[in-house]
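Inspection log for the structure reproduced underneath, given as structure tokens.
Rule-based calculations on the coordinates, nothing more; no lab input. Since the structure is predicted, the reported quantities are computational estimates derived from the model, not experimental observations. Cβ placement follows ideal geometry from the backbone for every residue including glycine, while neighbour counts extend to all protein chains displayed.
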Amino acid sequence: MVREEENSRVGTVLTDLVHEGVAVWLDGVNRQSLEDGSLRRRAMNACVSGAVLSLRELAREVQEGTAYQDQIDLLGERGVSAEEAVRALHSYDARWACDVLRPVFASTGEVDGWVSAELDPRLADDARASIAAARALALGVNRPNLLVKVPSTVSGLEVLSGCVAEGIGVDTGPLYSVQRYNEVVEAYFDGLERAFAAGRSPGGSSVASFSAARLEDAVDAQLDEAAEDAAAVLRGRSAPALAQAAYTVYEDWLGTERWRQLRARGARPQRLVWLSATAPGPEAASVRRVEELVAWGTIHALPEPTLSAVDRLGRLRGDTLSGESDASDAVLSALRQQGINMEQLAEDLTATELREGVHDQLELIGTLQARWSGRPHR
């Protein structure tokens, strides 16, 4: 829970971020942060203008806390399946978060105030089932400021295009590859064109979420194994290099005639979201990664501890991504010379993320089944 004295300090560096054109979203929103008003206070006092929910956080809180107990008991009494219960819990949280951020959504002209909620990770390779699940989630939450999060797999590209064509907002990620990001933008444009061809407004927004921090951790682990001075110099530099390369792609796409035609018909850019590392780490590293990834029209999705650390320790130095393609190319080239295969790392991390998501989903389903049967879950 955020203490009042902490809230009174918030609003300096975060305000500076907003003045740089960077939106701040709260990552890891859960039932507790909704019930205790943390998200609402952050939205009112700390420049937070979006929220990211995850099934992983839901699983953790169900297994460790009591916030969901009453709803779980009610669902059990109604005889719903454990899988249906997971969807109900996640949809309930998403609806609540959407309502908390609805004033932001209205006051910013639907630019911000978005809430990202996940699809079942077991559907990652089934585009048709994923699109059906996205429709069901959008219908169940029934709020205009919902984004459905889909994985950045090949099937996910089809899901992105299909959802955008139907007016469903999409958060694609986590991304680890500039090449895959190019494909994500292509899928987004395709979805917009399909929507316009069908006579529909593009409706929901779209963002592409980069986990540059997690990629940097993986790169640094390989550099540590090299134990060379040249490798040591590259530690901590892959996240900004990847972000600079991605932002260059973003600007290139927005400079095309294809985009100008879409924009003239009411389309909005697909914004880039920078995700923090998934595992807890040193505050200084988390703050540095925020300071290094600043550019107009982007978003930082920060968990509560990182958000507080940034506001206490952060020192912004303006736009760090625009016009930095040469610097990015130099770092990425040096990494290749050290034997770092960035595309292979991206594929490995994407696969790992999906495996972890499926594992957490199955654990959560098993926990609910065991709770209702009265047997301890193993």
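Working ranking of peptides 56-62, 291-297 by packing, defined as the average number of other Cβ atoms within 10 Å per residue, highest first, is 56-62, 291-297. Shape annotation for segment 248-378: C-alpha extents along the principal axes are 60, 41, 37 Å, from largest to smallest.
Distance from a point 7 Å along Cα→Cβ of N182 to each backbone N in segment 306-344: keep the residues under 14 Å and list them by number. Answer for segment 306-344: 343. Rounded, prolate or oblate, given the Cα gyration tensor of segment 27-131, with a/c below 1.5 counting as rounded? It comes out oblate by the Cα gyration axes. In this rough spin-label picture, where each label sits 7 Å from Cα along the Cβ direction, the A351-S333 distance is 3.1 nm. Legend: helices of the chain (whole DSSP H runs) are marked when their alpha-carbon atoms reach 30 angstrom or more along the helix axis and their mean Kyte-Doolittle hydropathy is at least -1.0; marked are 82-107, 342-373.
Short-range pairs are left out: with C-alpha atoms under 8 Å and at least six residues apart, the relative contact order of the chain is 20 percent. Cβ-Cβ distance of R317 and L362, R₀ of 45 Å, FRET efficiency by 1/(1 + (r/R0)^6): the value works out to about 0.50. Other residues lying with their Cβ under 13 Å from the Cβ of Q338 contribute a combined charge of -2, Lys and Arg counting +1, Asp and Glu -1. The dipole here belongs to the chain: it is taken about the Cα centre, uses +1 on the Cβ of Lys and Arg and -1 on the Cβ of Asp and Glu, and is about 1100 debye. Dividing the C-alpha radius of gyration of the chain by 2.2 N^0.38 Å, with N its residue count, gives 0.97. Beta bridges assigned by DSSP with both partners in the chain are antiparallel in approximately 0 percent of cases. The label point for S107 and the one for Q222, both projected 7 Å from the Cα toward the Cβ, are 4.5 nm apart.
The calculated FRET efficiency for D252 paired with Q71, based on their beta-carbon distance and R0 = 45 Å, is about 0.45. Taking 0.36 nm per residue of separation and subtracting the Cα-Cα distance, full extension of the segment from D125 to T12 would add 36.4 nm. Footprinting exposure proxy ranking of V86, V52, V80, fewest other C-beta atoms within 10 angstrom first, gives V80, V86, V52.
Summing Lys and Arg as +1 and Asp and Glu as -1 over all other residues whose Cβ lies under 10 Å from the Cβ of A231 gives a net charge of -4. Taking 0.36 nm per residue of separation and subtracting the Cα-Cα distance, full extension of the segment from Y92 to Q344 would add 87.0 nm. As a calculated quantity, the FRET efficiency between A370 and L139 at R0 = 45 Å, using C-beta atoms, amounts to about 0.90. Electrostatic tally near G113: other residues with Cβ closer than 15 Å to its Cβ, Lys and Arg +1, Asp and Glu -1, net +3.
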